[in-house]
């Protein structure tokens, strides 16, 4: 789960759709699978399938940096209403390993 800085409710449906596309493209570059994506006005959920040799902290940092840069560039006037500095995500993130949980259950949780 990634949360917007100061929990600003700045995501619209259009922005969430674009974020999903951005994350899918970034996952292809990292050779991982984006199994599910969903979000609300101030946060998003990602269900990622990645190889154990990928450092999660490095991956999440890259995903946050690249997505922030791209989405703020495309929707600059919109985000100018929420942030004075070039920022989007809070520094924290929630990462949960789901090794034994059924994938269908996790997808349903994220989608709802």
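The values are calculated or read from the model by the stated rules, or taken from the named source; none is laboratory data. Being a predicted model, the structure only gives us computed values, none of them experimental. Cβ sites come from the backbone with ideal geometry, for glycine too, and all protein chains shown count toward neighbours.
Side notes on the structure shown:
- Pick from region 84-112, criterion touching a helix residue (DSSP H, G or I) at 6+ places or on another chain (Cβ under 7 Å) and within 18 Å of residue 42 (Cα to Cα), ranking: surrounded by the most Cβ atoms within 10 Å (Cβ to Cβ): 88
- Residues of region 26-45 satisfying the condition of being farther than 17 Å from residue 107 by Cα and over 12 Å from the mean Cα position of the chain (by Cα): 28, 29, 30, 31, 41
- Reported count of residues in region 75-112, each being outside any loop (DSSP other than H, G, I, E, B), under 16 Å from the mean Cα position of the chain (by Cα) and at pLDDT 95 or above, is 1.
- Number of residues in region 1-17 that are under 11 Å from the mean Cα position of the chain (by Cα) and part of a helix (DSSP H, G or I): the value is 1.
- The residue that is surrounded by the fewest Cβ atoms within 10 Å (Cβ to Cβ), among those in region 1-18 that are closer than 23 Å to residue 98 by Cα and at pLDDT 95 or above, is 3.
- Among the residues of region 58-74, the one identified as farther than 13 Å from residue 89 by Cα and either surrounded by 14 or more Cβ atoms within 10 Å (Cβ to Cβ) or modelled with pLDDT under 95 (or both) is 59.
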